[in-house]
Each structure stands twice: as structure tokens, then as C-alpha cells.
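Accompanying notes for the structure given below.
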Amino acid sequence: MATSAPNEFLISRIRNYSHLLKATKEEVEQTKIRGSGESRFKKLASKLIADLLKGLQRNIALMKRVDIDPDGKSALSEGIHQSLEAFLNWVDLILRHCNAVDIEMHQFVSQILEDLDFKDMDYLLLSGWELSETSLSESLKKLFSGIFPLASDTLANEFPSFCILFIPQSLLKNPINWPLCVHEIGHMIENEKLKIVESFYSRPEFGPVSTRITYSIEALKYRYSKEFQADYFATTFFGPVFPNQLVDNYFTKEVFIHPTHPSWEERIRALVEVLRTMGLQGAAENLKNKSSSISTGPSMIPKDSLEFLNQILMQTRGLLEREDAIYKTNENNINRSREALTKFIPYTDDMKSLLNVAGEVKKNLLENAKSTKKKEKVEKFFDPLIKDSIRLSYLKRTYAKLDRR
Amino acid sequence: MVYKKTESLPFVETLDDYHNQIAVRNLSTSALMAIDLRDADSKIERRWLAESLDFCQKSADTLKRLVEEKDKPTVDNFLSKIFIDLALSESEQVDTNRLQMYKENFDVTLNVLQQIQKKEKPKDIMKSKLFLKSFIEAVKATYSKTESQYFGYLSPK
């Protein structure tokens with residue numbers, strides 16, 4: 001162990017965090033956070049900071065005791081420093097990145113959660129580096145474990161599953177790709193509400209796996225089942241647009257996919273099957289043809305080894321059926337949506353039909369544009385048209401609900 | 001399967017690894033505190049002791065399994081992930097002797113904590129304290145290169 005620093009120095013260093021925490025509390029209170037998670041996040045930050053301030057006082061009292069050896073005090077001081085530095089950076093990240101997500105994306109996610117009757121979920125949408133879902137509660141609980149017991153208890157008892165969806169800018173700017181987020185929303189719903197996968201395979205206490213270490217078969221079964229479940233959820237909820245965008249992403253590599261996810265071949269084969277069971281034969285064939293050139297690597301474990309996968313998917317389907325949220329092709333809505341978008345008019349009746357035709361309409365418009373100037377115009381205005389359609393469809397739904405009351 | 005060190009990991013895994021190592025360092029520090037404050041009997045000290053017992057028991061069990069798996073240890077919880085990272089040699093092979101050494105020391109520390117719980121006069125206090133201090137330093141060194149990556153991700157652009 002390194003030579004211990006003088007005790008007074010360590011104590012004064014820790015004391016500084018009291019001011020920082022208080023200033024952060026004020027900053028959180030004064031910042032407008034987009035989305036439905038604002039009040040719960042502010043409550044979480046306020047309660048945690050109150051607990052951390054009490055924890056600091058207690059730890060300072062410990063540092064003054066003579067019966068603790070100096071190396072122990074040094075380790076405690078370093079732990080406090082590391083934990084609080086990481087916590088303050090998390091809050092800073094949230095405050096600065098929450099407003100980089102457009103209001104339309106918030107409304108997109110809200111509509112999906114409303115459809116599933118999960119409006120009360122604790123989540124924030126942040127602009128981030130990779131499309132991913134992470135548990136803020138679990139991350140912070142690890143930071144505070146051992147040395148800030150009150151804060152750990154608050155997380156466990158009052159905010160057990162506050163989660164964050166990180167969405168990269170390239171995806172935020174391209175609403176045709178937004179159905180890819182539904183896979184992450186599937187993870188979020190599973191982690192916070194359904195907990196179907198963990199009723200079959202025990203939940204490992206670590207994040208997504210990489211190829212750098214060998215994982216136990218049980219841990220991989222949990223992770224793989226979750227991936228198949230999220231794919232199933234997204235396709236069953238949103239229809240063919242999800243698998244199509246996923247395959248497009250294989251070629252563009254806009255979204256990072258961990259190498260230990262099930263192989264592309266198995267995922268696509270499963271998605272083709274989902275479309276078939278939904279009665280969408282044409283979409284299934286299209287997906288199969290579109291993905292035929294994808295080269296695949298072997299999975300760490302084969303899909304067949306997931307002995308409970310069918311039960312997991314059936315239970316997930318049960319939720320979607322209960323909420324009448326399974327995608328069904330509505331030719332009338334598809335045609336109206338196609339017609340409106342071709343004329344550059346927002347379509348606001350059915351977000352699922354809208355996003356299922358948006359890619360095809362954009363492609364046709366670009367192909368039919370005779371001049372470069374016209375092509376540029378399509379490129380410039382089509383995405384805002386889709387965003388406007390999502391925003392207006394959200395407003396229409398909200399207004400219709402108010403009207404019914 | 002090749003074992004690799006923690007540098008240049010994807011975003012979500014970097015966050016996860018960093019939080020895991022802070023948790024392990026803080027839990028080891030708590031165990032140090034629980035040993036130093038063995039004669040006190042307040043609510044806080046009892047909680048520290050309970051958490052430390054749980055941590056050391058879980059660590060000893062995890063290490064026992066990792067040692068039994070010999071040259072191909074697998075990850076099943078966040079502790080096993082850290083122990084494997086700690087035992088990776090320069091050639092990215094898992095050093096089973098090191099895992100065995102950690103196991104023996106966690107057994108000793110667990111024994112010390114159990115004696116404290118039973119209000120007995122604990123033996124091997126110095127050994128367990130020295131181990132916990134060196135273990136904290138080893139965790140710190142193993143993840144030192146990922147710190148800038150973690151804060152790089154968290155610091156707003």
C-alpha cells in the first residue's frame with residue numbers, strides 16, 4: 001500500500017464533496033429534463049444526495065477515529081473519491097445529454113409504453129455512443145456499495161430499476177431507424193416489469209458480455225434469451241420494419257452489436273419465423289432474400305440450447321396480446337400513409353403503418369427525383385416530415401384521450 | 001477462447017467493469033473497517049460486518065469454482081469477472097495459482113470476520129488486513145487503464 005496521506009488532508013478533501021453535492025442538487029433542480037422521467041429522476045438525485053451527505057459526515061467521523069489504521073483510512077478516502085466522482089459525472093452526463101434527444105423521440109417512446117400500459121416506468125433517454133440500455137440503479141448501487149449504505153438502500157427500496165436508453169446521434173437524426181430502439185425498449189420492459197427471462201435463467205450481475213472472457217453457459221443462456229426476446233418483442237410489436245432496419249444496420253454498422261449476441265444467421269432465421277407466424281409471408285420472404293448475403297460467425301452457444309426460449313417468447317406474446325399491441329397489417333392505413341408521405345403531408349393516424357412504409361416511400365421519392373436538386377430536397381425534408389408525423393400522432397392521441405374524459 | 005485484458009472495450013462494458021471494480025474495492029475497504037472496528041457494536045458496524053461476511057463468502061465460493069475450472073474459468077457473476085481480470089498474465093492466460101492464492105486469503109479473511117461475529121478473539125487479523133490492502137491495490141492497478149476511458153465516456157462532449 002502507498003504511503004498514507006496526512007489525515008487532515010484526507011478529511012478536507014472529503015469535505016469538499018459536500019459543497020459539490022449541494023451544488024449538483026441545485027443544478028438538477030434548476031435543469032429542465034425532457035421526457036416523462038424528469039420528476040422521478042429529480043427525486044432520485046435529491047434523495048441520493050441527501051443520503052450521500054449523511055454518509056460523508058459518518059465517514060468523516062470514522063476518519064477521525066484513532067482505532068482505524070492509516071492505510072484503511074486511505075482506502076476509504078479513495079473509495080469515497082472514486083464513487084462520488086463517478087456519481088457526479090453521471091449526473092453531469094444526464095443533465096447535458098438529456099436535452100440532445102428530440103421531443104419527437106420522447107413521444108415515440110411514450111406512445112409505445114402507453115400502448116403496453118407501462119407509462120409508469122422510470123427511464124431517461126440520453127444521447128450516447130451506442131444504442132444500448134443500461135440500469136442506472138444497478139450502476140449507482142455498485143458505486144455506493146459498502147461505503148454509502150443509506151444511498152444503496154434508497155436505490156434498492158425506492159428506485160430499484162431506473163434505466164437509461166442511450167441513443168446515438170446518427171439514429172436520432174434518422175427517424176426511419178427509430179424502430180431499432182424498440183429492441184432496447186423490450187430489454188427495458190423485461191428488466192423493469194416482465195422479468196420473464198430471469199424466471200427461467202438466473203440473472204448475471206454484469207452487463208453485456210464481450211468475447212474477451214469465457215462466460216458460463218447459464219450466463220450466456222440468459223443473455224441470448226434476452227436478445228431473442230427483444231427481437232421477438234420489437235418485430236411482434238412493430239412489424240417488418242424492425243427486422244428490415246436491423247438487417248440494413250448489418251451493412252451500415254451504425255449501431256454497435258456486441259459480438260456475443262446470437263449470430264446474425266440465427267437472429268435473422270428467428271425473425272423470418274416470427275414474421276411467418278404473424279401471417280406476413282411476403283415480408284418474411286423479403287427479409288430472407290435481403291439477408292442472404294450476410295456472412296455469419298458461429299454463436300457461442302446455439303439457439304437450440306435455450307430450452308426455455310419458446311416459453312419465454314410465448315409469455316412475452318401474452319403481454320402483447322393482452323394489450324392488443326401486436327402488429328397487424330392494415331392495408332387502408334398503409335395506403336393512406338404511403339399516399340400522404342408521397343405528397344409530403346404528415347400522416348398522423350397510425351405510427352406503426354407510418355414507419356413500416358416510410359423507408360419504401362423515401363426510396364421511391366429518391367429514385368423518381370429527376371434532378372440532384374430534387375433529390376437533395378427529399379433528403380432534407382423527408383426525415384422532418386416523419387418526425388412531424390410522429391409528433392402529431394402523439395398529440396392527436398393525447399388530445400383524443402382528454403376529449404374522452 | 002482467448003482471454004483479453006480490459007483495454008478498449010465497448011461503451012456499456014466499460015461502464016460495467018468500472019462500476020464492478022469500484023464495488024469490489026469499496027467492499028474490501030468495508031471489510032478492513034469491520035476488522036478495525038471489531039470491538040464497536042453500533043448499527044453501522046454490524047451492517048459493515050454483515051456486508052463483509054457476505055462479500056468474503058461469495059468471493060471464496062466464486063474463487064473455489066474458478067480454481068476447479070482450472071485453465072478455462074468462466075464468468076457467472078461480477079466477482080468472477082474481476083477475479084479473472086486480476087489473474088490474467090501478460091500473455092493473456094489465466095494464472096490459476098493467483099486465483100488459488102486469492103481463495104486462500106479470502107478464506108482466512110472470512111474466518112476472521114466469522115470470529116468477530118461470534119465475539120471471539122480473532123486470529124490472523126494482520127494477515128487478512130495485509131491481504132485486503134494488497135487486493136485493493138491489485139484491483140486498482142488492473143483497471144487503471146480503463147479509468148480514462150470510463151470518464152471519457154461519461155464526460156460530456
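The values are calculated or read from the model by the stated rules, or taken from the named source; none is laboratory data. These numbers were taken from a predicted model, which means no experiment stands behind them. Cβ: placed from backbone, ideal geometry, glycine included. Neighbour counts: every protein chain shown.
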> When you look at A:I112, is it assigned to a helix (DSSP H, G or I), of a type in the set (V, I, T) and more than 30 Å from B:K140 (Cβ to Cβ), yes or no?
Replying inline: yes
>> Being under 11 Å from the mean Cα position of the chain (by Cα), within 19 Å of B:S128 (Cβ to Cβ) and among the aromatic types (F, W, Y) is true for just one of B:F78, B:F83. Which residue is that?
In response: B:F83
> Restricting the stretch A:90-109 to residues that are touching a residue at least 60 places away in the same chain (Cβ under 8 Å) and of a type in the set (A, V, I, L, M), which is farthest from A:I390 (Cα to Cα)?
Replying inline: A:V91
> Mind checking which residues of the stretch A:74-114 are more than 16 Å from A:I49 (Cα to Cα), touching a Ser or Thr at 6+ places or on another chain (Cβ under 7 Å) and more than 7 Å from chain B (Cβ to nearest Cβ)?
Replying inline: A:S74, A:A100, A:V101, A:S110
> Across the stretch B:112-123, what is the total count of residues that are of a type outside the set (K, R) and exposed (fewer than 15 other Cβ atoms within 10 Å of the Cβ)?
Replying inline: 1
> Since A:T316 meets every condition but one in (1) modelled with pLDDT under 95; (2) touching a Leu at 6+ places or on another chain (Cβ under 8 Å), which condition does it not meet?
Replying inline: (1)
> Is it true that some residue in the stretch A:143-154 is facing chain B (nearest Cβ under 8 Å), surrounded by 21 or more Cβ atoms within 10 Å (Cβ to Cβ), touching a residue at least 12 places away in the same chain (Cβ under 8 Å) and of a type in the set (A, V, I, L, M)?
Replying inline: yes
> Do the conditions hold for A:A61, that is, is it out of contact with any helix residue (DSSP H, G or I) (no Cβ under 8 Å at 6 or more places or on another chain), assigned to a helix (DSSP H, G or I), within 30 Å of A:S161 (Cβ to Cβ) and among the aliphatic types (A, V, I, L, M)?
Replying inline: no
> Does A:I112 qualify as being touching a residue at least 40 places away in the same chain (Cβ under 8 Å) and closer than 28 Å to A:Q57 by Cβ?
Replying inline: no
> Would you pick out the residues in the stretch B:126-148 that are at pLDDT below 95 and away from every other protein chain (no Cβ under 11 Å)?
Replying inline: B:A141, B:T142, B:S144, B:K145, B:T146, B:S148
> Which pairs do you get when a residue that is within 14 Å of chain B (Cβ to nearest Cβ), found in the stretch A:118-135, comes within reach of a residue that is of a type in the set (D, E, K, R), reach meaning Cβ atoms under 7 angstrom, with the pair 6+ apart or on two chains?
Replying inline: A:L131/A:E184; A:S132/A:E184; A:E133/A:E184
> All but one of (1) within 9 Å of another protein chain (Cβ to nearest Cβ); (2) of a type outside the set (D, E); (3) not in a helix (DSSP H, G or I) hold for A:V66; which doesn't?
Replying inline: (1)
>> Condition first: out of contact with any helix residue (DSSP H, G or I) (no Cβ under 8 Å at 6 or more places or on another chain) and at pLDDT below 95. Can you find one or more residues in the stretch A:155-169 that meet it?
In response: yes
> Where in the stretch B:1-96 are there helices (runs of 4 or more DSSP H), lying fully within it, with 2 or more residues that are facing another protein chain (nearest Cβ under 9 Å) and closer than 19 Å to A:A219 by Cα?
Replying inline: B:11-36, B:78-87
> So which residues in the stretch A:197-223 are at pLDDT 90 or above, closer than 30 Å to A:Y327 by Cα and touching an Asp or Glu at 6+ places or on another chain (Cβ under 9 Å)?
Replying inline: A:V197, A:E198, A:F200, A:Y201, A:K221, A:Y222
> So is B:Y153 surrounded by 15 or more Cβ atoms within 10 Å (Cβ to Cβ) and touching a residue at least 60 places away in the same chain (Cβ under 8 Å) or not?
Replying inline: yes
> Inside the stretch A:255-309, can you point out the residues that are in a helix (DSSP H, G or I) and of a type in the set (D, E, K, R)?
Replying inline: A:E265, A:E266, A:R267, A:R269, A:E273, A:R276, A:E285, A:K288, A:K290, A:K303, A:D304
> Which of (1) part of a helix (DSSP H, G or I); (2) touching a residue at least 12 places away in the same chain (Cβ under 8 Å); (3) out of contact with any Asp or Glu (no Cβ under 7 Å at 6 or more places or on another chain) does A:I33 not meet, given it meets every other one?
Replying inline: (1)
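One line per residue, one yes/no per condition, for (1) within 23 Å of A:S170 (Cα to Cα); (2) away from chain B (no Cβ under 14 Å); (3) not basic (K, R):
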{"position": "A:I185", "(1), (2), (3)": "yes, yes, yes"}
{"position": "A:E205", "(1), (2), (3)": "no, no, yes"}
{"position": "A:K221", "(1), (2), (3)": "no, no, no"}
{"position": "A:K226", "(1), (2), (3)": "no, no, no"}
{"position": "A:V241", "(1), (2), (3)": "yes, yes, yes"}
{"position": "A:H258", "(1), (2), (3)": "yes, no, yes"}
> Of everything in the stretch A:37-55 that's crowded, with 16+ Cβ neighbours inside 10 Å and within 14 Å of chain B (Cβ to nearest Cβ), which residue is farthest from the chain's Cα centre (by Cα)?
Replying inline: A:G55
> If you scan the stretch A:251-277, which residues turn out to be more than 30 Å from B:V75 (Cα to Cα) and either at pLDDT below 85 or in contact with a helix residue (DSSP H, G or I) (Cβ under 7 Å, 6 or more places away or on another chain) (or both)?
Replying inline: A:F251, A:T252, A:V272, A:V274, A:L275, A:R276
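Here's the yes/no breakdown for (1) hydrophobic (A, V, I, L, M, F, W, C); (2) closer than 27 Å to A:S139 by Cβ:
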position	(1), (2)
A:F206	yes, yes
A:R212	no, yes
A:Y215	no, yes
A:F228	yes, yes
A:A234	yes, yes
A:V241	yes, no
A:S263	no, no
A:L275	yes, no
A:N286	no, no
>> Every residue in the stretch A:249-290 that is within 16 Å of A:L180 (Cα to Cα), of a type outside the set (A, V, I, L, M) and buried (at least 17 other Cβ atoms within 10 Å of the Cβ), please.
In response: A:N249, A:Y250, A:H258, A:H261, A:W264, A:R267
> So which of A:N332, A:N356 is closer than 20 Å to A:F238 by Cα, in contact with a Gly (Cβ under 6 Å, 6 or more places away or on another chain) and part of a helix (DSSP H, G or I)?
Replying inline: A:N356
> Could you list, in sequence order, the residues of the stretch B:90-125 that are farther than 26 Å from B:S42 by Cβ, among the acidic types (D, E) and modelled with pLDDT under 95?
Replying inline: B:E90, B:E92, B:D95
> Which condition breaks for B:T109 when tested against (1) buried (at least 24 other Cβ atoms within 10 Å of the Cβ); (2) within 12 Å of chain A (Cβ to nearest Cβ)?
Replying inline: (2)
